[in-house]
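Every read-out reported here was derived from the displayed coordinates using simple, explicitly stated rules and does not represent laboratory data. Just so you know, these numbers come straight off a predicted model, no measurement behind them. Positions of Cβ are generated from backbone atoms using ideal geometry, with glycine treated the same way; all protein chains shown enter the neighbour counts.
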Amino acid sequence: MYSPDTGSRQHREALATRENVDKKATGVTERAVMSPGVSAETSLKGSLARLEAQRMVAEIKSGLGIGGQEFNLPAFDTAQKIIQEAGQIQIKPEDRNKKGELLVFPGGPVSGLPEHLWKVAKTEAFKEWFGDWENRPVENFTTGRGSVYTYDNEGKTTRFKTATSEQHARQDIMVFVNLNVQEEQDYVDAYRNSTGKVYVVEKMTDNSPKIIRDVSEVSDKNNLYLAIMVDGKITKLKKASNKPVEGYNTFDARWYQDKKGQTMADRHLGNKVKKINYKDNPSLSRVLGANSEPLALKNPDGTHSLVKVLNPLNFTRDELSKWKTSHGLDGKEWASSMIKELNAKKHDGLLVDGKPIKDKTGDKPIVVNSDQIINI
């Protein structure tokens, strides 16, 4: 029987070549890991170098007849395109808060991604592969007091006040602001006690404020603010978002004609958003973190995996444990059996408590196809 120890010189040379090539690739991988103080640009360049090294290793292995299906060319091309495009992304002032932290979107919450992955997630190439997570349509949201706001096709909302079973008129404009208790009081006092007027304003290119009375008047959703105006001058200004954010206050306004034909305004600073329900988007990956931002899984070598799963099999940890027991796989390799089941049930990946999971004996999230994973 043939064994590597007594095999041909050609085979031993092939093994030696593989070892040397793997060492070179590993060296690139180690240098590419983003450590504290390393810029996003440096990390992205390192990711490209690592991809090129992995491709070189795969091609050499294939030529020597010692490779497998370890390297996925479409996945490589997609990752390369994404990384190259990410290098062109420019961070604007509105992309950060006053502390300098990157935001999921202007006026929104703090991002959970490191800078180089924040740029990756913003690219059109990534959204083409992963799905357009930035423009995920909202069905409705609920506030802490139980009011339910539902969106229509024009992007306007109607409020159902659960406490009194009242259906309120449709609002012309709705924004979301992160206010503390004192700021809440300032805005409420302004429009209730006539000490000023509260408007949604858009900061124009010359920094002048444009009052927004209807959602159709918004030209740049990234430059919205909630303002208190006294005698035509802004006395308080707070960054606002046109997207609902958990923990943010709602503000809505509508304009109407009274019986005398006069234009009147209803303004309402609402309670904080508690839960957001999104419309189904079959082309968007379900691997999302807080605030619908792509979830990045950190790997042992310091890189991150971004995973595309459109039709997951969803388990809790307890359900996964029971599945392993029922299949006699406790303490054993179980990923291959799970992938067979995913294929049989027309699923493309496994999510446990809403997140991808790796088999303890493997190093990849459990998905059906390798091009569902991009490592950066």
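With the contact rule set at Cα under 8 Å and sequence spacing of 6 or more, what percent relative contact order holds for the stretch 98-193? Rounded, it is 12 percent for the stretch 98-193.
Beyond 29 Å between alpha-carbons counts as too far, so tell me which of 98/203; 275/364; 92/127 fall in that bin.
Violating the 29 Å Cα-Cα cut-off are 275/364.
Neighbours of residue 372 by Cβ distance under 12 Å: Lys/Arg scored +1, Asp/Glu scored -1, total +1.
In terms of surrounding Cβ atoms within a 10 Å radius of their Cβ, 286, 145 rank from fewest to most as 145, 286. The label point for residue 370 and the one for residue 182, both projected 7 Å from the Cα toward the Cβ, are 5.8 nm apart. Placing +1 on the Cβ of every Lys and Arg and -1 on the Cβ of every Asp and Glu, with nothing else charged, gives the stretch 248-347 a dipole about its Cα centre of roughly 340 debye.
Between residue 204 and residue 279, the distance separating the two model label sites (each 7 Å from Cα on the Cα→Cβ line) works out to 3.2 nm. By other beta-carbon atoms within 10 Å, ranking 246, 124 with the fewest at the front produces 124, 246.
Computed on the stretch 138-278, with alpha-carbon pairs under 8 angstrom and 6+ residues apart, the relative contact order is 28 percent.
Taking the empirical scaling 2.2 N^0.38 Å for compact globular proteins as reference, the stretch 138-278 has a Cα radius of gyration ratio of 1.01.
The simple Förster model, with R0 at 25 Å and r as the Cβ-Cβ distance, assigns residue 139 and residue 319 a FRET efficiency of 0.40. One decimal place: the segment residue 221-residue 233 gains 2.1 nm when fully extended, by the rule 0.36 nm per residue minus the C-alpha distance.
Note on 147, 43, 321, 283: ascending count of other Cβ atoms within 10 Å places them as 283, 321, 147, 43, the fewest first. Segment residue 333..residue 311, full-extension length gain: 5.6 nm, with 0.36 nm per residue of separation and the alpha-carbon distance subtracted. For the stretch 234-376, averaging the sequence separation of C-alpha pairs within contact (under 8 Å, six or more residues apart) and dividing by the residue count gives a relative contact order of 19 percent.
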